[in-house]
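This report concerns only the one structure given below.
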Amino acid sequence: MDLPKELLSRRLKRERCARENAERLLEQKNLDLFLEAGERHEALDALRESEERYRLIVELSPDAILISTDGRIVFANEAAKKLFRENESLQLIGTSKMDLALPEQRAHIADRVKILKQADSFTHTEETTLRLDGSPLEVSARRVLMTYDGKPSIQTIMRDISGRKTLERRLAYQATHDNLTGTFNRIEFKQQLGDALSFSERHSTPVSVAFMDLDRFKQINDRFGHHAGDRILIIVTQRLRRVLRKNDVLGRYGGDEFVFVIRSDHDDLIDTHVVDRLISTVSEPINIDGHQLRVSCSLGIARYPADGTTPEDLLSRADAAMYRAKATGRNLFRFYDSEINARLTRRHQIQAELTDVLKRGDLYLAYQPQISLRNGEIAGVEALLRSEEHTSE
């Protein structure tokens, strides 16, 4: 049965519309695929550009950049090869991290990785590593976890800080040592003395403080010049080091004054034979520009805890004992004792009284004429410093 013409026309129209819609959908899909392919191509180009920039940055970086996988170096830039002194026989690639670590640090390599994982994938340390030739190298090292060739790896960025570390050590040395003799300076000696007293208190070991002054050193300076005086101080320091033991402490307190911390291994507070050898060794002749000079010295000794419990007290009392040795005859030593204590106490008392008098303004200057007994004429004048309190009495 033939379909009515009108019905057939509607069916053909529907089929035509469906085909047109299908063609439009196909065209849109093709367009989407084309755009997506273009975006993917742009993304790949951007990724390649990014990788190329990263490669250039790594290769041209002045810092050494290493990548290690499973404990071995798999990448090293030119700066790293130069820093670690790579050559034809010594190659960084393939080298184990253990080979670049100091022997005492090799046991802690695994701990570093653990710390890196716990530190949010980034650590920064200053450490000493080894070059390929075995020489030490001080570096600042930044480490970060990454993926390299699909494997978990560690990227390390290193910078040579040997120059800065050397300068820091030099400044630290200069801050604690005397520039001329290389002994501890006054500030550091007091610190060392404090540490010795703390150790002595914990372990009940005797310790003494000796204060030494070179006799008539100023006359040598005045006659031969300060250059000769400096040479004598250096020679005396070398002689003192020969006599003192490793656990003793030597310092220069200033000028021609030296101080020592002398420890004892037995019950005696100090071995007097050590002090005798110090004096005799220092007094040996010294040849300065063809002149045979003999420099003697005087020592004062204070003992811990009998003579004091603080560095300041012990140094003050050893100094007082040294001046007593000079007054007694020089080129000898004296222990701090009750007589010196009485003199020191009286001196401090006089200083305190003079300070009080000056603060009150009780001192005044008076002039007293000197009369000649021969003719009764004034021959001179004495200048006297008197106090109001003395006058009123």
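Worth pointing out:
- Close pairs from segment 89-100: first farther than 13 Å from Ala76 by Cα, partner part of a helix (DSSP H, G or I) and β-branched (Val, Ile, Thr), Cβ under 7 Å, at least 6 apart: Met98/Ile109
- Residue within segment 326-334 that is assigned to a helix (DSSP H, G or I), touching a residue at least 60 places away in the same chain (Cβ under 8 Å) and open to solvent by 20 Å² or more (accessible area, probe 1.4 Å) present: yes
- Applying the condition of being in contact with an Asp or Glu (Cβ under 7 Å, 6 or more places away or on another chain) and more than 16 Å from Arg85 (Cβ to Cβ) to segment 104-146 and asking which residue is modelled with the lowest pLDDT yields Ala141.
Here's the yes/no breakdown for (1) part of a strand (DSSP E or B); (2) within 28 Å of Leu240 (Cβ to Cβ):
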| position | (1), (2) |
| --- | --- |
| Ser153 | yes, no |
| Arg164 | no, no |
| Ala172 | no, yes |
| Ala175 | no, yes |
| Gly194 | no, yes |
| Asn221 | no, yes |
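- Any pair with Cβ under 9 angstrom, 6 or more apart, that starts in segment 296-318 at a residue that is more than 22 Å from His273 (Cβ to Cβ) and hydrophobic (A, V, I, L, M, F, W, C) and ends at one that is part of a strand (DSSP E or B) and open to solvent by 20 Å² or more (accessible area, probe 1.4 Å): Leu315/Tyr253
- Residue that is most open to solvent (accessible area, probe 1.4 Å) [pool: residues in segment 176-233 that are out of contact with any Gly (no Cβ under 6 Å at 6 or more places or on another chain), among the aromatic types (Phe, Trp, Tyr) and under 22 Å from Ala318 (Cα atoms)]: Phe199
Per-residue answers, yes or no, for (1) modelled with pLDDT under 75; (2) not in a helix (DSSP H, G or I):
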position: Met1; (1), (2): yes, yes
position: Leu7; (1), (2): yes, no
position: Arg16; (1), (2): no, no
position: Leu31; (1), (2): yes, no
position: Phe34; (1), (2): yes, no
position: Leu47; (1), (2): yes, no
position: Ser50; (1), (2): yes, no
position: Ile57; (1), (2): yes, no
position: Phe75; (1), (2): no, yes
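- Flag for Arg245 being part of a helix (DSSP H, G or I) and either surrounded by fewer than 18 Cβ atoms within 10 Å (Cβ to Cβ) or small (Gly, Ala, Ser) (or both): no
- Contacts under 7 angstrom Cβ, first residue in segment 154-175 being open to solvent by 60 Å² or more (accessible area, probe 1.4 Å), partner not small (Gly, Ala, Ser), 6 or more apart: Arg159/Asp63; Arg159/Val139; Asp160/Leu83; Asp160/Leu137; Asp160/Val139
- Residue match in segment 301-315 (condition: within 23 Å of Arg252 (Cα to Cα), at pLDDT 85 or above, open to solvent by less than 40 Å² (accessible area, probe 1.4 Å) and among the small types (Gly, Ala, Ser)): yes
- Any chance Glu86 is at pLDDT 80 or above, of a type in the set (Asp, Glu), under 19 Å from Gln155 (Cβ atoms) and open to solvent by 100 Å² or more (accessible area, probe 1.4 Å): no
The values are calculated or read from the model by the stated rules, or taken from the named source; none is laboratory data. Small disclaimer: the values here were computed from a predicted structure and weren't measured. Cβ sites come from the backbone with ideal geometry, for glycine too, and all protein chains shown count toward neighbours. To get the accessible areas, we keep the full protein, side chains included, count just its heavy atoms, and leave off ligands, DNA and RNA. Shrake-Rupley method; radii C 1.70, N 1.55, O 1.52, S 1.80 Å.
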